[in-house]
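Some notes on the structure that comes next.
The values are calculated or read from the model by the stated rules, or taken from the named source; none is laboratory data. Not measured: the values here are computed from a predicted model. Here the Cβ is made from the backbone with ideal geometry for all residues, glycine too, and neighbour counts use every protein chain on show.
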Amino acid sequence: MIAAGRVTVDGRVATPGDRADPATARIEVDGVPLPTRPGLVYWLVNKPPGPISTAADPHGRPTVMDLVPAGPRVFPVGRLDADSEGLLLLTNDGDLAHLVTHPRHGVPKTYLVRVEGVPPPEALRRLVAGVELDDGPARAMSARVVDTLGDAALVEVVMGEGRKREVRRMLAAVGHPVTRLARTAIGPVRDAALRPGERRPLTIDEVRALYRAAGEAWEDGGA
């Protein structure tokens, strides 16, 4: 890869025999960062309902930090509400955390939501076109009914941002309150086999895929 010119160090194309300090150098392969700093940790957690998505709580409530080892110190990337569940990243890689959470980069997050009633096509179109909330307009990247359950439905919603209780508020605004919400994917990262309360480390390929997704989203929608 180095001989083919696919590796750069601090923006310069590397050549065989070059040396770099992994603690300080920005190393990229095919334009995608390769995390090399010592001590970087990436956990994928399937958050059950209950824990809050903060590093600490002054009221002593359980947090997602209880789901991962005490060290090295990591922080949740984004948030899921206490009554929501599903995939959540915890890491000490501040660069990746910024890319995944900042709306400018638009890394998609996919949610499977159970709602009251069955949203008609017009309600789904409104979610994508934009819904006015009390803190400004919000829109989904996509929304579709994946199953009907009598007087309820399962809806897959893909979002490019993650404001507080945004998906719940959007669906309530189109007349279909949420009764259960689970995040099923963060960009390209999924794991249907990870049970509630379980964790696993991300693979290096998954970490690089998240970096790549942030870059592609920025190129497609950035200004």
Count, please, the residues in the range 156-201 that happen to be assigned to a loop (DSSP other than H, G, I, E, B) and β-branched (Val, Ile, Thr). 1
Residue under evaluation Gly215, criteria (1) over 19 Å from Asp83 (Cβ atoms); (2) out of contact with any His (no Cβ under 7 Å at 6 or more places or on another chain); (3) outside the structural domain of His98 (by TED's automatic domain parsing); (4) not in a loop (DSSP other than H, G, I, E, B), criterion not met: (3)
Ala20 is checked against (1) assigned to a loop (DSSP other than H, G, I, E, B); (2) closer than 30 Å to Arg180 by Cβ; (3) in contact with a strand residue (DSSP E or B) (Cβ under 6 Å, 6 or more places away or on another chain); (4) aliphatic (A, V, I, L, M) and fails just one. What number does that condition carry? (2)
If Leu44 satisfies every condition in (1) crowded, with 16+ Cβ neighbours inside 10 Å; (2) farther than 30 Å from Ala153 by Cβ; (3) out of contact with any helix residue (DSSP H, G or I) (no Cβ under 7 Å at 6 or more places or on another chain) but one, which is the exception? (2)
Mind telling me which of the residues Arg190, Arg144, Arg180 ends up being touching a strand residue (DSSP E or B) at 6+ places or on another chain (Cβ under 9 Å), surrounded by fewer than 17 Cβ atoms within 10 Å (Cβ to Cβ) and over 24 Å from Ile52 (Cα atoms)? Arg144
Do we have any residue at all in the range 106-114 that's at pLDDT 95 or above, under 14 Å from the mean Cα position of the chain (by Cα) and of a type in the set (S, T, N, Q)? yes
